[in-house]
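Have a look at the structure that comes next, please.
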Amino acid sequence: IPLFDADGVVYAIGSVATDITERQHEESARRYSEEKHRLVVETANDAIISMDDTGAIQFANPASTRIFGYDPAELIGKPLTVLMPNFMRELHENGFRRYLDTGQRHINWQGTELTALRENGQEFPVEISFGELTRDGHKIFTGFIRDISKRKQAEDKLRASERSMRELTETIPQMLWSAEEDGTVNYCNQRTLDYTGLSAEEVQGSGWLTA
């Protein structure tokens with residue numbers, strides 16, 4: 001900054017210096033935090049997808065390709081309904097508009113099981129959780145989407161096994177029952193009821209010696 005005397009002649013040069021150490025520390029911490037969050041999002045096993053308040057997808061992480069079959073860049077700008085089977089699309093659009101108008105949610109946003117649609121047209125079960133934030137007066141919604149196909153298959157196999165076992169125990173000609181450590185009956189088959197002449201309610205909860 002030039003300094004002038006009474007005659008307008010420059011007699012010295014002045015300067016102002018600002019210590020920006022703290023600002024640089026803050027910026028470095030912010031960059032570190034952003035990098036840490038970016039690493040989490042990009043390496044997550046679940047699909048992470050963000051959409052704006054028009055329903056258009058704004059972001060998709062790499063796991064979206066493994067789960068849905070789309071390259072993340074392909075999804076940008078497309079409606080979220082592209083990831084849903086036809087029967088869900090109108091339900092979603094109506095529920096989404098109602099939420100924007102009233103704040104009333106049509107589904108639970110934490111751990112809800114729904115049906116999703118892959119790029120190849122295959123429907124599969126997912127578990128989703130959603131969050132939202134407001135930026136510049138507009139809402140941004142971020143969903144965490146987990147493919148639970150294997151879990152559902154395991155549950156189906158377990159139910160089928162239990163069903164087969166129950167069919168077996170109900171059709172064998174021998175009496176069969178199980179009891180707790182104190183002798184309280186918690187299950188008996190039809191043959192036991194036929195033999196004792198008791199109802200299932202009378203047998204269960206009683207002692208096996210009584211039955």
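With respect to THR43, is the statement that it is surrounded by 10 or more Cβ atoms within 10 Å (Cβ to Cβ), within 33 Å of the chain's Cα centre (by Cα), at pLDDT 85 or above and among the β-branched types (Val, Ile, Thr) true?
no
Conditions first: (1) over 42 Å from the mean Cα position of the chain (by Cα); (2) open to solvent by less than 50 Å² (accessible area, probe 1.4 Å); (3) modelled with pLDDT of 80 or more. PRO173 passes all but one, so which condition is the exception?
(2)
Please work out which residue is nearest to the chain's Cα centre (by Cα), limiting yourself to the stretch 90-125 and to residues that are in contact (Cβ under 8 Å) with a residue 24 or more places away in the chain and open to solvent by less than 60 Å² (accessible area, probe 1.4 Å).
LEU114
ASN86: under 19 Å from PHE124 (Cβ atoms) and more than 19 Å from the chain's Cα centre (by Cα), yes or no?
yes
Mind listing whichever residues of the stretch 126-153 are in contact (Cβ under 8 Å) with a residue 60 or more places away in the chain, open to solvent by less than 60 Å² (accessible area, probe 1.4 Å) and under 20 Å from MET88 (Cα atoms)?
Scanning the stretch 126-153 gives PHE141, THR142, GLY143, ILE145, ASP147.
The values are calculated or read from the model by the stated rules, or taken from the named source; none is laboratory data. All of these numbers come straight from a predicted model, not from anything done at the bench. Glycine also receives a Cβ, built like all others from the backbone with ideal geometry; neighbour counts cover every protein chain displayed. In case anyone asks, the SASA skips ligands and DNA or RNA and just uses the protein heavy atoms, side chains included. Shrake-Rupley method; radii C 1.70, N 1.55, O 1.52, S 1.80 Å.
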